[in-house]
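Report on one structure; see the data block that follows.
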Amino acid sequence: MTLDLLITAFGLFLLVGGGDVMVRGSAALASRIGVSPLVIGLTVVAFGTSAPELSVNVVAAFRGNSSMSFGNIFGSNMANIGLIVAVTAFFGPMKIQSIVVSREVPMMLLVTVVAATLGADSLWGDGVSRFSRGDGIVLLLLFTVFGYYTLRDLVRQRAGEAVDLPGVPDDAQEIGLRSAIALTAAGLTALAVGGAVTVHGAEGVARAMGVSETIIGLTLVAIGTSLPELVTSVVATMRGQPDIAIGNVVGSNIFNLVIVLGTTSVLRPVPVPAGGLLDMVVVIGLSTLLWLTSASGGQKIIRAEAVLLLTVYLGYMVTRTVLI
């Protein structure tokens, strides 16, 4: 158990360092290629910080451990909203762009509802609830919709059509394109490795304590694979890049459902474990709450709203772990 604790600590070290490097690189990359940090947050940063979820789930699928896959995906999406957004907002109000409120968060909510509907087979009289290979294909196809709108924004911004682009720090503007790409890649690598190492150590600690696989997936693995998002969002906010922070969370939640869950389901059907239907309902509820808090109070998330998100998340996780 001592070795597992040391491994976990090393993983956390990689996550913190990688998060700082990647935010610097991604902000500079946005400046160099002429797009907003929000687009970079929704794409490069979101996909990169979702790499631990993808790697953990692919390995779990090949090992036939689908219960951990379900817990990892939906647990991560809970943590992204109820933990990451909340903790990030404690470091300062998170200003939300209008397009995030009107399109990106609703798209995340829509994808969440579609995924929950696909997985809740027992509610529609279709046997045991699970995500089949057909469901996985549908989720992967949904990615084309998200990709279309994001790519369209990128093209328009490169063409100079966007007029409301947030700036980037002066130090980021001084970094060249090659250096920005190198920093982003190095940060993503450190985050991916750090996430995997942290999860490995946390799993060892949990198993030594006799915790079940489903709860490990929903809590330790989910939070562990969400640590890249947490570190990146906090660092981005502290460095004056709230767009990267919110784009990271929203984009990661979408990637987790359409890419991670879609890919995992295609490789091996993912059964919905006991209590899983409620898990999906809670993710929908948290997504709706994020939408409402983003649209209120001048389109920013303040500490009081962060406390609400965190209370809902922690309250459910305690209930889920102890009672369900």
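Annotations for the structure displayed:
- Hits in the stretch 260-282 - residues which are touching a Leu at 6+ places or on another chain (Cβ under 9 Å) and either in a strand (DSSP E or B) or of a type in the set (A, V, I, L, M, F, W, C) (or both): Val260, Leu261, Val266, Val270, Leu277
- Comparison of Ser296, Ser287 shows that the only residue that is surrounded by fewer than 21 Cβ atoms within 10 Å (Cβ to Cβ) and hydroxyl-bearing (Ser, Thr, Tyr) is Ser296.
- Helices (runs of 4 or more DSSP H) fully within the stretch 77-191 that include at least 2 residues being under 19 Å from the mean Cα position of the chain (by Cα) and modelled with pLDDT of 90 or more: 105-119, 133-158.
- Hits in the stretch 83-123 (condition: of a type in the set (Gly, Ala, Ser), surrounded by 23 or more Cβ atoms within 10 Å (Cβ to Cβ) and under 29 Å from Arg268 (Cα atoms)): Ala115, Gly119
- From the list Asp243, Asp279, the one residue that fits, being acidic (Asp, Glu) and at pLDDT below 90, is Asp243.
- Number of positions in the stretch 197-217 that are closer than 21 Å to Val21 by Cα, at pLDDT below 70 and surrounded by fewer than 24 Cβ atoms within 10 Å (Cβ to Cβ): 0
- Taking the stretch 124-139 as the range and being surrounded by 21 or more Cβ atoms within 10 Å (Cβ to Cβ) and aliphatic (A, V, I, L, M) as the test, only Leu139 passes.
- Leu220 being surrounded by 22 or more Cβ atoms within 10 Å (Cβ to Cβ), at pLDDT below 75 and either among the aliphatic types (A, V, I, L, M) or outside any loop (DSSP other than H, G, I, E, B) (or both): yes
The values are calculated or read from the model by the stated rules, or taken from the named source; none is laboratory data. Since the model is a prediction, treat every value here as computed from it, not as a measurement. All Cβ positions, glycine included, derive from the backbone under ideal geometry; neighbour counts span all protein chains shown.
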